[in-house]
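Input: a single structure, listed below in structure tokens.
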Amino acid sequence: MSSPISKSAFIKAEQCLKHFYLYKNHYYLRDVLSKEKQLIFKRGTDVGIFAQQLFPGGIDVTAGEKRDQQLFAEKTKHLIANGTKTIYEATFIYDDLLVMVDILHKHEDKWIAYEVKSSLKITETYVKDACFQYYVIKNSLPDLVDFNLLTMNPKYVLDSELDIKKLFKSTSVMKDAVKNLDYFSHKTKIAKQTLEQNKIPDIKIGAHCFQPYECDFLGTCWKNINEPNSVLTLGKLTKQAMFELYDQNIKRIDEIDINTIKHKEIKIQVKAAIEQKEQVFNEEVNAFISNVKHPICSLDIEVWMPAIPYYHGTKPFQQIPFLFSMISEDNGELKNYSYFKPIEEDLRKDFLERILVETKKFNSILMFDKSLEETVLNQLVDLYPEYRNEIADLKNKIVDLAEPIRKGNYYHPDMKGNFTLKSIAPLVNQEAGFNKLEIQSGISAMYIYESMLEQNAIEAERIKAQLIEYCEMDALITYQLLNFFENRVH
Ligand code: SF4
């Protein structure tokens with residue numbers, strides 16, 4: 001007998017029946033879960049467990065048991081029958097469909113379900129997930145009278161003590177859930193029929209491979225498609241527009257009629273693919289470089305966005321700067337400087353003062369995509385208005401090296417439609433590179449920093465070194481990118 005269809009499996013069926021079939025029958029073909037995704041899932045679980053404090057004293061059906069959903073469902077039934085008021089991870093199976101809900105709480109003889117989302121907003125997918133859960137639970141537990149999504153309250157500010165009731169925001173999805181009961185009855189039938197057919201559904205790749213989530217089987221379906229010149233690697237194009245070309249049988253970038261393209265940043269990619277060489281708009285890049293005033297340094301800031309505010313006066317997901325790295329030159333030698341804020345302390349003022357002191361003597365501060373850094377600096381102005389003028393000075397000196405790439409004035413075919421620092425890094429510095437590092441993205445850096453809350457001192461030191469190494473690499477490539485552009489135009 002096959003296992004019941006879980007909520008995760010059903011959501012996959014909604015995205016693509018092939019995704020659903022592969023997930024249920026060929027799980028081994030699934031792409032390896034990136035470290036980043038693992039950390040995102042972990043945060044979701046942690047927030048879910050934290051929210052249990054809203055209804056203290058409940059029983060977790062999964063505690064101390066091996067992962068056996070039939071057993072969890074039995075245990076839930078038993079707890080309900082025995083008058084338990086609050087159940088965590090309450091599990092239900094109905095008509096071969098399985099759901100687990102974060103919190104089930106009895107209020108005046110009626111049951112209310114709560115699903116926790118580590119997010120500030122409610123998305124369509126969250127509502128659909130919740131409605132599916134309601135469909136299964138309502139059919140197993142007729143006394144269920146409400147189903148709520150618990151999200152983080154964007155207005156909550158941490159005062160002296162965390163107020164969990166104010167931290168979470170509860171939104172009922174009952175209207176949608178009741179309205180959609182027939183929809184789920186119909187859609188779950190289709191999902192079951194797909195499994196009964198016993199063959200992989202013949203579904204072509206499309207924009208749906210990324211909506212609402214990136215599919216777990218891209219490695220299987222896309223394996224013959226990711227050739228360097230594939231039209232599906234075109235950057236700055238929506239997935240819809242990309243597939244419109246693909247479905248018109250324009251499979252390679254160099255097959256696109258360049259005269260039909262309006263946008264410069266797309267045209268440059270097509271030209272690079274046709275000529276198989278880098279493209280530089282000399283005049284524009286030169287004009288950009290002329291804004292740089294020596295002496296220069298490069299600067300990169302890493303931020304932490306804790307779902308549950310950690311420092312006094314902060315909100316859920318507020319960007320907290322914790323690390324900056326700078327590269328400059330001293331007598332022809334590259335010099336680096338990094339400042340690292342320990343996670344336990346709110347040293348944002350110290351962070352700000354250090355960054356102001358260290359950057360003061362430079363006339364241009366190089367960054368790659370300044371948006372995050374500018375947001376952080378703006379928040380620091382609000383927090384420490386006494387530094388308003390110095391922060392304004394720093395902001396005036398920023399030169400954003402992403403600009404020539406973003407505006408379509410520089411492109412190399414090796415960038416494969418990617419306009420990030422990571423994509424240009426191998427062209428700028430062939431020896432150094434992000435792929436040799438433990439941490440390879442700002443998102444990973446953030447989650448790994450968060451993991452320091454649970455590490456011992458030795459492990460925390462190791463993580464700190466990895467984070468600094470990552471941030472320094474960002475600053476180094478940014479610094480060298482200026483020279484790279486100069487060489488291209490001179
Ligand atoms: S990669 Fe696309 S077509 Fe293939 S299973 Fe996933 S969503 Fe379906």
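Just so you know, all these numbers are worked out from the coordinates, no wet-lab data involved. Only a predicted model underlies this, so the values are computations on that prediction, with no experimental measurement involved. Backbone-built Cβ (ideal geometry, glycine too); neighbour counts: all protein chains shown.
How much length is gained on full extension from residue 283 to residue 96, taking 0.36 nm per residue of separation minus their Cα-Cα distance?
Here the segment from residue 283 to residue 96 would lengthen by 60.8 nm.
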Taking Cα atoms, the helix 442-451 axis meets the longest principal axis of the chain at an angle in degrees (rounded to 10) of 60
Enumerate the whole-percent occupancy of each 5 Å bin, from 0 to the last occupied one, for all C-alpha pair distances of the range 276-347. 3, 12, 15, 13, 11, 12, 11, 11, 7, 4, 0
Once both axes come from the Cα atoms, what is the angle between helix 264-275 and the longest principal axis of the chain, in degrees from 0 to 90, rounded to 10? 80
Can you give me the relative contact order of the chain as a percent, contacts being Cα pairs under 8 Å and 6 or more apart? 14
Between residue 165 and residue 124, take the C-beta separation as r, use R0 = 35 Å, and let me know the FRET efficiency to the nearest 0.05. 0.85
I'd like the distance between the alpha-carbon centres of the range 20-62 and the range 435-490, rounded to an integer number of Å. 27
Using modelled amide H (1.01 Å from N, peptide plane; none on Pro or chain starts), what sits under 5 Å from the amide H of residue 168, excluding residues fewer than 5 places away? 153
Please work out the FRET efficiency for the pair residue 406 and residue 109, using the Cβ-Cβ distance as r and a Förster radius of 56 Å; give the result to the nearest 0.05. 0.40
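Give me the number: length gained by fully extending residue 393 to residue 31, i.e. 0.36 nm times residue separation minus the C-alpha to C-alpha distance, one decimal in nm.
125.6 nm is the gain from fully extending residue 393 to residue 31.
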When the Kirkwood hydrodynamic radius is evaluated over all pairs of different C-alpha atoms of the chain, what value in angstrom, to one decimal, is obtained? 25.9
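Looking at the range 30-112, which trypsin sites (Lys or Arg not before Pro) are in a loop (DSSP not H, G, I, E or B) and have at most 16 other Cβ atoms within 10 Å? Could the numbers behind the result be given before it?
Details: sites: 30, 35, 37, 42, 43, 66, 67, 75, 77, 85, 106, 110; in loops: 30, 66, 67, 85.
The qualifying sites are 30, 66, 67, 85.
Taking the beta-carbon count within 10 Å as an exposure proxy, list 371, 325 from fewest neighbours to most.
Taking fewest neighbouring Cβ atoms as first place, the list is 371, 325.
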In cubic angstrom, how much convex hull volume per residue do the alpha carbon atoms of the range 208-345 span? 240
List, largest first, the extents of the alpha carbons of the range 70-169 along their principal axes, each in whole Å. 43, 30, 23
To the nearest 10 degrees, how steeply does helix 69-81 sit against the main Cα axis of the chain, on a 0 to 90 scale? 60
In bins 5 Å wide, starting from 0, what share of all Cα pairs of the range 160-246 does each bin hold, as a percent? 3, 9, 12, 14, 13, 11, 12, 12, 8, 5, 2, 1
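Could you list 314, 45, 478, 171 so that the one with the fewest beta carbons within 10 Å of its beta carbon is first and the one with the most is last?
Lowest to highest Cβ neighbour count: 45, 171, 314, 478.
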Run a plain Debye calculation on the range 1-85 (Cα atoms as equal point scatterers, no solvent) and give log10 I(q)/I(0) at q = 0.17 Å⁻¹, rounded to two decimals, same order as the q list. -1.02
Nearest 500 deg cm²/dmol is fine: what mean residue ellipticity at 222 nm does the chain get from its DSSP H runs of n ≥ 4 alone, each adding -39,500 (n - 2.57), divided by its residue count? -13000 deg cm²/dmol
Taking 0.36 nm per intervening residue step and subtracting the Cα-Cα distance, what contour gain separates residue 254 from residue 291 on full extension? 9.9 nm
Hey, got the Cα dimensions of the range 5-196 along the principal axes, in Å, largest first? 55, 40, 36
Can you give the Rg and Dmax of the range 285-489 based on its C-alpha atoms, in angstrom? 17.0, 51
Relative contact order %, the range 259-318, counting alpha carbon pairs below 8 Å whose residues are six or more apart: 15
Flagged links, alpha-carbon separation over 29 Å, of 106/166; 370/464; 35/360; 42/166; 117/262: 35/360; 117/262
Compute the semi-axes of the equivalent ellipsoid of the range 207-266, taking the square root of 5 times each eigenvalue of the Cα gyration tensor, and list them largest first in whole Å. 22, 13, 10
Charged-residue dipole, Cβ positions (Lys, Arg, Asp, Glu), the chain about Cα centre, Debye nearest 20: 1360
Taking only the alpha-carbon positions of the range 110-177 and ignoring solvent, what does the Debye formula give for the base-10 log of I(q)/I(0) at q = 0.19, 0.26 Å⁻¹? -0.73, -1.09
Taking Cα pairs under 8 Å and at least six residues apart, what relative contact order does the range 280-402 come out at, in percent? 26
